[in-house]
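Nothing in this text is a laboratory measurement; each read-out follows from the coordinates by a stated rule. Because the structure is predicted, anything quoted here is derived from the model rather than measured. Every residue, glycine among them, receives a Cβ derived from its backbone with ideal geometry; neighbour counts consider all protein chains shown.
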Amino acid sequence: MKRQKRGNIHIPDLALRTTAGAWKRLNRDLGESTLDMIMVHDPVFRRGISAEPIFNDKLILVGACEPAEWRERYVRIEWGEALGAEIGTRLSLVPQEGLILDLGLRSALWLVQKRMAGFLPEKAVAKFLAEGALTRIDDTPTFDFPAYACWRSDMDEELAGQVIGSLKSHFDSKYPN
């Protein structure tokens, strides 16, 4: 598959519709051919679906509370079942009963408003950290959290390559290593 190196895509006959949604729904819609391509952190790998990593990130524990109080103020943020179980096990965490956030990156605002703590993607919360709205909780593990582009394998190979190249170029420039 030929990859576009830099710049924006210019394909006159291409129409885009972008949508935000829970990773389960996006994976389902891709599998049912409702969507042609998705970008998610927790792809479902299966026959008929191609996937490629776009950028690497990691989940870090952040809080809008006093760092010493993070355990009492911790809320689970939904990043996938396997990752949720790993986080809970490695840190012996018991989240707030009956409360799991499935707001994606909007969870950062919720943490700030409610003065809570939770795991969020480092690159996505860099601005909150720089502004002091959130604080990184020291001495806690991080968790790999790569983002993938996934597309139907029957999609035009050249088009998929151009879109993947453009996504990589965008995120390389936005989040240089």
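Both radii were evaluated on the Cα set of region 7-92; the Rg over Rh quotient, with Rh as the Kirkwood radius, amounts to 1.08. Global dimensions of region 58-142 from alpha-carbon coordinates: Rg and Dmax equal 11.4, 31 Å. Footprinting exposure proxy ranking of Met37, Met155, Met116, fewest other C-beta atoms within 10 angstrom first, gives Met155, Met37, Met116. Counted by Cβ distance under 14 Å from Glu81, the other residues give a net charge of -2, where Lys and Arg count +1 and Asp and Glu count -1. Ordered by the count of other Cβ atoms within 10 Å of each Cβ, fewest first, Val112, Val62, Val40 give Val112, Val40, Val62.
Here the spin labels are modelled as points 7 Å beyond Cα on the Cα-Cβ line, and at Leu93 and Arg28 they lie 2.5 nm apart.
Among the lysines of the chain, pairs at least eight places apart or on separate chains and with Cα atoms under 27 Å apart come to 22. Under 5 Å between amide hydrogens, built in the peptide plane, is the criterion, and for Phe145 it picks out Asp57, Lys58, Leu59 among residues at least 5 positions away or on other chains.
For the pair Asp102 and Ala82, a Förster radius of 22 Å applied to the C-beta separation gives a FRET efficiency near 0.90, rounded to the nearest 0.05.
Spacing of the modelled spin labels on Thr18 and Val44, each 7 Å from Cα toward Cβ, amounts to 2.5 nm. In terms of packing, defined here as the mean over residues of other Cβ atoms within 10 angstrom, the peptides 160-169, 135-144 line up highest first as 160-169, 135-144. Region 114-157: D in µm²/s via Stokes-Einstein (Kirkwood Rh, Cα pairs, 20 °C, 1.002 mPa s)? Translational D for this selection: 159 µm²/s. Beta bridges from DSSP with both residues in the chain: antiparallel share about 85 percent, rounded to the nearest 5. Using θ = phi - 60° in the Karplus curve 6.51 cos²θ - 1.76 cosθ + 1.60, the 3J(HN,Hα) couplings for region 134-139 round to 10, 10, 6, 7, 6, 6 Hz; x is entered for Gly and Pro.
Length gained on full extension, Asp172 to Glu157: 3.2 nm, using 0.36 nm per residue less the C-alpha separation.
Hey, what number do you get for the chain at 222 nm if only DSSP H runs of n ≥ 4 count, each worth -39500 (n - 2.57), divided across all residues, to the nearest 500?
-8500 deg cm²/dmol
Taking the number of Cβ atoms within 10 Å of each Cβ as an exposure proxy, the fewest-first ranking of Trp23, Trp151 is Trp23, Trp151. Sequentially through region 115-121, phi angles give Karplus couplings (6.51, -1.76, 1.60; θ = phi - 60°) of 6, 10, 9, x, 8, 9, x Hz, Gly and Pro residues having no value and appearing as x. Residues whose amide H falls under 5 Å from that of Trp79, counting only those 5 or more places apart or on a different chain, are Gly84, with hydrogens built in the peptide plane. Angle, helix 157-174 long axis vs. longest principal axis of the chain, Cα atoms, 0 to 90°, nearest 10? Approximately 40 degrees, to the nearest 10.
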